[in-house]
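> Dropping the structure in here first, questions after.
The values are calculated or read from the model by the stated rules, or taken from the named source; none is laboratory data. Fair warning: this is a prediction, and the values are worked out from it, not measured in the lab. Virtual Cβ from ideal backbone geometry, glycine too; neighbours counted across all protein chains shown. The protein model used for the area step is the full one, side chains on, heavy atoms only, and it has no ligands, DNA or RNA in it. Shrake-Rupley method; radii C 1.70, N 1.55, O 1.52, S 1.80 Å.
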Amino acid sequence: WYQRRVRELEERIEELRASKVQYGNMLREARSMHARFEALLTTHRNIRAQFQTLISHAPDLQDQLQANATTQSILEKNGEGLLGAIKQFVDSLNTLVNVTIQDTFLTIKNYENSRIEYDAYRNDIATLQNAPQTESNKNKLLELQVVFENRKQKWEKLKQDTNTKMDLLGENRSMVMKTQLEMFNSAVIAYFSGNGDKLSEVLAEYHIKTKRISEEGDTTTNSFLARNE
């Protein structure tokens, strides 16, 4: 009975440890994506500035340079939207991994410590029960049984707390990640299909604020594909 209940909880804990590793890996890659994409947006901004600067030095290329500058400006604007979506995805993952899951592991640690104490007293009682039944051993056994019951109640409570915490974590993880994965997928599709209007809808739906890298350039349309047709 005891071993079965411990084994069931240990399996849940091991599964959570494996999940934390996987979500941690996802967080690392998402942070890398954010950094690389932010660098790409800086490149868009810089090359746009060069196109605009060159116009005064090459009037014969004015139309072509302005067209390229406009395209880079739109790419930059839409990119800032995707960057905001990536940042929200990173922030949500970071909260899940380093706050929510970590808090659950603090409860798990308390449970595991109480189990060690409980097992130690359980083994001591078993040893005394098999020892010669002297008056001294009987008194020790009575004393140990009182402490053992106390440790057993503590272990039972922490076991229940751990199961409850893991249940709540599972519900929270599922709800948060479904929302964030849907948001992330929608934002990526909108950006890479050149649909700035759809990207703006995604940002509004999920209350994502974007940080403008630059306010310059023509942004009268949100579709950089349409501007180049």
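> Cβ-Cβ distance below 7 Å, separation of 6 or more or different chains: which pairs start in region 111-127 with a residue that is open to solvent by less than 30 Å² (accessible area, probe 1.4 Å) and end on one that is in a helix (DSSP H, G or I) and among the β-branched types (V, I, T)?
Close Cβ pairs (under 7 Å, with a partner that is in a helix (DSSP H, G or I) and among the β-branched types (V, I, T)) amount to Y111/T162.
> List the residue pairs whose Cβ atoms are under 6 Å apart, where the first residue sits in region 45-69 and is among the β-branched types (V, I, T), the second is not in a loop (DSSP other than H, G, I, E, B), and the two are 6 or more positions apart or on different chains.
I47/Q72; I55/Q62; I55/L65
> Another one. Taking region 177-195, which residues are more than 10 Å from L82 (Cβ to Cβ) and buried (at least 18 other Cβ atoms within 10 Å of the Cβ)?
If the condition is that a residue be more than 10 Å from L82 (Cβ to Cβ) and buried (at least 18 other Cβ atoms within 10 Å of the Cβ), then Q180, M183, S186, G194, N195 are the ones that fit.
> Spot the failing condition for V6; the list is (1) within 24 Å of the chain's Cα centre (by Cα); (2) touching a residue at least 60 places away in the same chain (Cβ under 8 Å), and only one is missed.
V6 satisfies every listed condition except (1).
> Here is a follow-up. Does any residue of region 122-139 turn out to be closer than 19 Å to E15 by Cα and of a type in the set (G, A, S)?
Checked against the condition, which is being closer than 19 Å to E15 by Cα and of a type in the set (G, A, S), region 122-139 yields no hits at all.
> Are there helices (runs of 4 or more DSSP H) fully within region 119-229 with at least 1 residues that are modelled with pLDDT of 85 or more and more than 29 Å from the chain's Cα centre (by Cα)? List them.
135-192
> Further, regarding this structure: Give just the number: which of (1) open to solvent by less than 70 Å² (accessible area, probe 1.4 Å); (2) at pLDDT below 90 does L82 not satisfy?
That leaves (2) as the condition not met.
> What's the total number of residues in region 155-176 that are open to solvent by 80 Å² or more (accessible area, probe 1.4 Å), over 9 Å from Y111 (Cα atoms) and touching a helix residue (DSSP H, G or I) at 6+ places or on another chain (Cβ under 9 Å)?
The total comes to 2.
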